[in-house]
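The values are calculated or read from the model by the stated rules, or taken from the named source; none is laboratory data. Please read these numbers as outputs of a predicted model, since none were measured by experiment. Neighbour counts run over all protein chains shown; Cβ positions are idealised from the backbone, glycine included. Note: areas computed on protein heavy atoms with side chains; ligands, DNA, RNA excluded. Shrake-Rupley method; radii C 1.70, N 1.55, O 1.52, S 1.80 Å.
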Amino acid sequence: MNDALDPHGHDHHHHRAAHRHAHGSLTTRAAIASVLTASVLMGIKGYAAWATGSVAMLGSLADTGLDLVASLMTLFGVRFAMQPADATHRFGHGKAEALVALFQVAVITASALAIGVRAVDRLMAHQATEHAELGIGASLIAIALTIALLAYQRFVIARTGSVAIGADHVHYQSDLLLNAAVIAALVIEQYLGIEGADAVFGILIAAWLLWGAWRSSLSAIDQLMDREWPEEKRRRFVEIACRHPELKGLHDLRTRTSGATDFVQFHIWMDPTMTIAAAHEVTDAIEHRLAQEFPGTEILIHIDPEGQVDHPGNDLVEADEFAKLKDDAP
């Protein structure tokens, strides 16, 4: 429809485009910050691992190296995901973020397994570490840089909900533990004289990385599998939609998320005697109100005459969301 005749439609398109651009800018800057941080830490930890011979420091170096690869992939993924819909990807490219997040999970898993094997070998060979002060100094610098990066990533995730930056965030959260573990391992082994502490901490680090990989995979898989929104978010959506007096019912509500964009489709019951033009005005008003509360959301509404049942007995499709609200009310 012409924008002059359908000002709400023009507003919706503008708001979605602005939301996508803001999301892309924030996630791109966060990905660049991750790449720069990992590059600096690679140099610092590389020297420290060579000087100390610590398997815990080697594990931390390997994790940072893989973080760098993952951060580069994240940068590519978030920039690709922000591309607008085109003729071959009419729903946009948002799922690129979830694919990148799964790549990061694979990287973390490989890193954890390699660190675990190296730690076991070190434990069996009874090899000692050297120059603890270098490893401790490198780890303290890494902790300071990582805390700064994590603070910025939390800000970006809160604003965008990016699963790719979220997976990157898990990497660097684990880095804090890694660096603390390196310090503890070097202190216990070299200053307290307890042999094998470095290798034991290396094994614990590997286990922690595997746990982080599992957690990171969940949100990415949810997006790829088109998991429904959380119930609280779905309920709020229905509450806002049902405020329009012309709506007689709402059913077959389907929700999903792809990158920065939420997608929602649902059927509504309306007066069967209403004209097409009047029904169009009602759906435009509903979309406008929902767009204010759920910016960046793609909404598709199907109109049914009041009482129409397309799939008798199928509560997943035909259950009235308005009735659910009333039943759940205290």
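For the stretch 292-312, which residues satisfy the criterion of being among the hydrophobic types (A, V, I, L, M, F, W, C) and within 14 Å of HIS244 (Cβ to Cβ)?
Selection gives ILE299, ILE301, ILE303.
Here are SER39, SER34, SER25: which of them is under 20 Å from GLU97 (Cβ atoms) and modelled with pLDDT of 80 or more?
Criteria check complete, one pass: SER34.
Would you say ILE194 is farther than 29 Å from HIS93 by Cα, at pLDDT 85 or above and open to solvent by 70 Å² or more (accessible area, probe 1.4 Å)?
When the stated conditions are applied, ILE194 does not pass them.
Regarding the stretch 5-21, can at least one residue be identified that is at pLDDT 75 or above and touching a helix residue (DSSP H, G or I) at 6+ places or on another chain (Cβ under 8 Å)?
No, there is no match, as no residue in the stretch 5-21 is at pLDDT 75 or above and touching a helix residue (DSSP H, G or I) at 6+ places or on another chain (Cβ under 8 Å).
Report, ordered by the first and then the second residue, all pairs with beta carbons closer than 9 Å, sequence separation of six or more or different chains, a first member in the stretch 302-314 that is at positive phi, and a second member that is assigned to a loop (DSSP other than H, G, I, E, B).
Taking only residues 6 or more apart or on different chains, the pairs are GLY307/LYS248; GLY307/PRO272.
Between GLY59, GLY53, GLY46, which is open to solvent by 20 Å² or more (accessible area, probe 1.4 Å), modelled with pLDDT under 75 and not aliphatic (A, V, I, L, M)?
Going through GLY59, GLY53, GLY46 in turn, the sole match is GLY53.
Conditions tested, residue by residue: (1) within 21 Å of the chain's Cα centre (by Cα); (2) under 20 Å from PHE91 (Cα atoms); (3) assigned to a helix (DSSP H, G or I).
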residue	(1), (2), (3)
ASP222	yes, yes, yes
LEU300	no, yes, no
ILE303	no, no, no
PHE322	no, no, yes
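With open to solvent by 60 Å² or more (accessible area, probe 1.4 Å), touching a residue at least 24 places away in the same chain (Cβ under 8 Å) and in contact with a strand residue (DSSP E or B) (Cβ under 6 Å, 6 or more places away or on another chain) as the only criterion, which of ARG254, ARG243 stands out?
When all the criteria are applied, what remains is ARG254.
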